[in-house]
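Worksheet: one structure, shown below.
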Amino acid sequence: MRRRPALALLATTAACLGVGVAVPSSAHLVAAEPLGAVTTITATTSGTASLVLYDDATVSTAITGNPDVTISGKGRVVGFDLASVNTTNDLPNDELNAVRLPAFAHSVTQVYASSAKPQECSDYPNSDVPVQQECQGCTYTPSPMVPAQANCDYAQPAQIKLHEGYYNLTVLTDGSPVRITLHLHGVAKRKVTVHPQSSFRSLETNLAQHESIGSSTITFGGSTSFPNASQILMFVGVKLPPNATVFADAGCLRSDTTAPPPYAYSPACPGGQTTGYSYELATPVAGEGGVGVFGWGLVPSGSPNGVGGSFVDSSGPTYVGGVAVWSSGVNLPFYPTTTD
């Protein structure tokens, strides 16, 4: 028997009693389309939709080769995010998202999901001097008094559970139609097809290799006109030698009115905005070597027209390829990190 989500029951009951209930703006009862056991999502442009899940559903936890999530269609970076609109601590904030990586990463589809109540943490040793947060399931090394490192060991779930309720769907395309198929186990309604109900602006640009600094540093970047970007994602592939002992990366945003200066996307990012820097010291940092696929998101300030960065590897990295995804008005949670 089809069940209506608790939110819908609450809204209906309150309406009969003449009581006002605050319902999330994305959870309009008329606009929300149902999800089915086999849900096909088709889109020709990037967009969003309000969906409703009438039954609890389960999905495979496999990150790659997931039998319950497939993406087809042309494009450099395509994907989707399905997130519950729940904003309370009483129910899980469920989310399922997937991204198909660019061709230089073998067009692999990676699936990520979360289905848990927000982690409750307390400051340690006290709220006045919060040296470290203590979270359930975490231990600290070398000691609780000087928590230099946190090690959290959470059990791997056998399946991802999406609870009944309202969800926001966000679909990213690259100017070509895409088709996404979801197998949601436990849902009574059998087959449905949904489409985005509204669109958002998105644009993808290739990130070409720029100058190298000696044999250890490579730079890359690309530019476009995309006013009022609220988020920029970068997906970059770099071949890493197996014996490197130093590895670092940095991001760079630019707003050039003419041609960018030499070494524009170097770690110094001359005339631009350095957006992040990280490094790793180990022996070796890349294990057995291979192609590392790095992804990270940037929140631009102003209206940049260039984005890129650099990689430093003590044994000499080789640039494989990169793509930047510009978007406006949405938050895309795609941050893959893999090594072939």
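The values are calculated or read from the model by the stated rules, or taken from the named source; none is laboratory data. Just so we're clear, the structure is a prediction, and the values are computed from it rather than from any experiment. Virtual Cβ from ideal backbone geometry, glycine too; neighbours counted across all protein chains shown.
Take residue 221 and decide whether it is in the same structural domain as residue 308 (by TED's automatic domain parsing) and crowded, with 17+ Cβ neighbours inside 10 Å. Yes; evaluated as a whole, the condition is true for this residue. Residues in region 242-271 that are assigned to a strand (DSSP E or B) and either free of Cβ contacts under 8 Å to residues at least 24 places away in the same chain or more than 29 Å from residue 290 (Cβ to Cβ) (or both): 254 alone. For region 202-222, the criterion of being in contact with a Pro (Cβ under 7 Å, 6 or more places away or on another chain) and closer than 30 Å to residue 74 by Cβ is met by at least one residue. Looking across 260, 317, one residue alone is surrounded by 18 or more Cβ atoms within 10 Å (Cβ to Cβ) and over 28 Å from residue 202 (Cα atoms). It is 317. Please work out if residue 175 is in a loop (DSSP other than H, G, I, E, B) and modelled with pLDDT of 90 or more. For residue 175, the condition - in a loop (DSSP other than H, G, I, E, B) and modelled with pLDDT of 90 or more - is met. Is it the case that residue 305 is of a type outside the set (Asp, Glu) and either free of Cβ contacts under 8 Å to residues at least 12 places away in the same chain or closer than 23 Å to residue 80 by Cβ (or both)? No: the conditions fail for residue 305. Only residues that are touching a strand residue (DSSP E or B) at 6+ places or on another chain (Cβ under 6 Å), part of a loop (DSSP other than H, G, I, E, B) and at pLDDT 95 or above were counted in region 72-100, giving 2. The number of residues in region 178-190 that are more than 17 Å from residue 48 (Cβ to Cβ), of a type outside the set (D, E, K, R) and either touching a Phe, Trp or Tyr at 6+ places or on another chain (Cβ under 6 Å) or surrounded by fewer than 16 Cβ atoms within 10 Å (Cβ to Cβ) (or both) comes to 4. The residues in region 290-311 that are surrounded by fewer than 22 Cβ atoms within 10 Å (Cβ to Cβ), of a type in the set (A, V, I, L, M) and under 12 Å from residue 239 (Cα atoms) can be counted, and the count is 1.
State which residue is modelled with the lowest pLDDT when the search covers only region 146-172 and only residues that are under 13 Å from residue 59 (Cβ atoms) and in a loop (DSSP other than H, G, I, E, B). Ranking the candidates gives 157 first.
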